[in-house]
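The structure under discussion appears below in the form of C-alpha cells.
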Amino acid sequence: MLRRMLGVRFVHTSQTMASAFPISIRAAVARGPKQAFTIENLSLAQPKHDEVLVRIVSTGICHTDIATRDGLLPSPHPIVLGHEGTGVVEAVGSQVSKVSVGDHVIMSYSSCGTCRNCSHGKPSYCASHRAINFAGQRLDGTTTHRKAEEVIYGSYFQQSSFATHALAGERNVLRVSKDLPLATMAPLGCGVQTGAGAVLNTLKVSAGSTFAVFGCGAVGLSAIMAAKVAGATNIIAVDLHPSRLALAKELGAHHSVVGSSSDLMEQLKELTSGGLDFSLDTTGNPKILKIAFESLRTLGVCALVGGSPPGSQVSLDMLSVLLGRSLRGIIQGDSVSQTFLPQLIDLYRQGRFPFDRLVTFYDSLNDINRAVEDSESGKVIKPVIRVSNP
C-alpha cells in the first residue's frame, strides 16, 4: 500500500562499504509510528553529481514531520525527518553550480523540474511530489543513511534536516546572505512560505479586502502578516488559544474570534458586514473548513492548506458554490522557493514581515522530543532547533 501511494519502488541496495557512506553524523531517527525520536550515530552517503552536503545550523519542526513520524503520511520507517533546514555548504557534486562550499543556505521542498506542472511554474504540484519528498530515498531508489548494515531512510523533502548534516538537491537549496541570522531562517522553507504564499501568490488578497485565517500557528500567523503587507483592512484571526489570538493582533489582525464559539459564523459575518472576501483554513478540520467557506460573501474565495487524514470529507451547499464562491487547495503556498523566499527576506529586513516572532529556539538536537511536545501542546508556535553555529 505504501509503495502504491508514493508511486515509487523501494530498492534496498547491497552497497554497504564504508566508502559508499563515508560521512559520520548524528540524527534524530523516527523508528515507528508515535514513537519518540532517538538520537543515533549514522553514516551518510557522499553527494552525487547534483547534490549538496550541508552542515545543519538549524531546523524547524513542522506538523508534517510529526504526522509523518506518527504514520499519518506515507513514508517508511526508520527514517530521518526534517524539512525546514538551514546550514552551511560543505561539499557539492560535480554538476552543481548554484552554490559553493561555505555558502549559507535555506532548504525547502524539492521537485523534478521537468513535468507539466513544474514546466508551468508550479513545482509544488510536481507530478513526482510524493516520490521526491516522502519516499525516504532518492528517485533512483538508493538510500542515503545507514546504521552499520541497517538501512535508515532519508531524503525527506530531499534534505532530512533532523541531523548534523544533510544531503540536499541543487533544486531545493537557496543561497542567502551571510549577514542574515541563519538559524532564524529555518521556518521560511515550509511553514512560513505556505502561509504567506497562500495570501500573496494564490488568493492574491487585495488592498481594502476582508480576510480571515482559521488556526493561528506558524502558517496562519504568516498569512496574517502577509495579508497586512497586501493591504487587507479587515483581518480576522480565529483560534482556540488566547495567547495566539493576542499575538495575531500584534502582527496585523484587526479582530480575533475564539474558534470554539457556537456562533462563529455569525460573528464573522457581523465583523465583515455580510461576509469575507478571502478565508484560509490551516486546521484541516472539515467542520472549520465548512465555516471558512460559508462565511464568504458572493465571489469570495476560501483556501485550504491544513492537511487531513485520507478520506476526510466536507459537504457544501451547492447553491453557495453556484453563487460564485470558490474553494481551492494549496501546497507550499504556490511558492517557487528560489524567487519567493528572497521576497519574504526583503520584507523581513524592512521590518514588515517579522516571522522571527514565531520562533522558539531549542539548543540541541537532544531537545527534539521536548520541542515536539511543546509544539503539539500549543506551548510554542514554531520550534527551531539549533544544531551548530553558522
Looking at region 331-352, which of its residues are under 19 Å from ALA303 (Cβ atoms) and outside any helix (DSSP H, G or I)?
ILE331, SER335, VAL336
Just name the residue that is least open to solvent (accessible area, probe 1.4 Å) out of those in region 289-325 that are polar (S, T, N, Q) and not in a helix (DSSP H, G or I).
SER295
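Rundown of residues vs (1) over 23 Å from ASN389 (Cβ atoms); (2) open to solvent by 20 Å² or more (accessible area, probe 1.4 Å); (3) under 16 Å from the mean Cα position of the chain (by Cα), yes/no style:
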residue	(1), (2), (3)
GLY82	no, no, yes
GLY93	yes, no, no
SER97	yes, yes, no
TYR109	yes, no, yes
Quick one: in region 267-300, of everything that is of a type in the set (Gly, Ala, Ser) and under 16 Å from SER206 (Cα atoms), which residue is farthest from the chain's Cα centre (by Cα)?
GLY275
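If you check ARG370, ARG328, ARG357, which single one turns out to be part of a helix (DSSP H, G or I), under 19 Å from the mean Cα position of the chain (by Cα) and more than 23 Å from ASN172 (Cα to Cα)?
On the way: ARG370 fails: under 19 Å from the mean Cα position of the chain (by Cα); ARG328 fails: part of a helix (DSSP H, G or I).
ARG357 is the lone residue from the list that is part of a helix (DSSP H, G or I), under 19 Å from the mean Cα position of the chain (by Cα) and more than 23 Å from ASN172 (Cα to Cα).
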When every residue in region 353-390 that is more than 13 Å from ALA186 (Cβ to Cβ) and touching a His at 6+ places or on another chain (Cβ under 9 Å) is compared, the one surrounded by the fewest Cβ atoms within 10 Å (Cβ to Cβ) is GLU376
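What are the residues in region 301-321 that are under 26 Å from the mean Cα position of the chain (by Cα) and either at pLDDT 95 or above or of a type in the set (Val, Ile, Thr) (or both), if any? If you could, list the steps in order and put the result at the bottom.
So the first thing to find is which residues in region 301-321 are under 26 Å from the mean Cα position of the chain (by Cα), and the list is 301-314.
Listed by number, the residues that qualify are VAL301, CYS302, ALA303, LEU304, VAL305, VAL314.
Sort out for me the helices (runs of 4 or more DSSP H) sitting completely within region 43-142 that have 3 or more residues that are touching a helix residue (DSSP H, G or I) at 6+ places or on another chain (Cβ under 6 Å) and within 25 Å of VAL219 (Cα to Cα).
Details: elements: 63-69, 116-119, 129-133.
The qualifying helices (runs of 4 or more DSSP H) are 129-133.
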Go through region 153-181 and give me each residue that's surrounded by fewer than 24 Cβ atoms within 10 Å (Cβ to Cβ) and either of a type in the set (Val, Ile, Thr) or touching a Cys at 6+ places or on another chain (Cβ under 6 Å) (or both).
THR164, VAL176
Scan of region 141-152 for residues that are open to solvent by 20 Å² or more (accessible area, probe 1.4 Å), at pLDDT 95 or above and of a type in the set (D, E, K, R), ordered by number:
LYS147, GLU150
Inside region 14-35, the number of residues satisfying the requirement of being in a loop (DSSP other than H, G, I, E, B), at pLDDT 95 or above and in contact with a strand residue (DSSP E or B) (Cβ under 9 Å, 6 or more places away or on another chain) is 1
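The values are calculated or read from the model by the stated rules, or taken from the named source; none is laboratory data. Note that the coordinates shown come from a computational prediction; the quantities given were computed from them, not determined experimentally. Ideal geometry is used to build each Cβ from the backbone, glycine not excepted, and the neighbour counts take in all protein chains shown. For the accessible areas, the whole protein counts, side chains as well, though only heavy atoms, and no ligand, DNA or RNA atoms are used. Shrake-Rupley method; radii C 1.70, N 1.55, O 1.52, S 1.80 Å.
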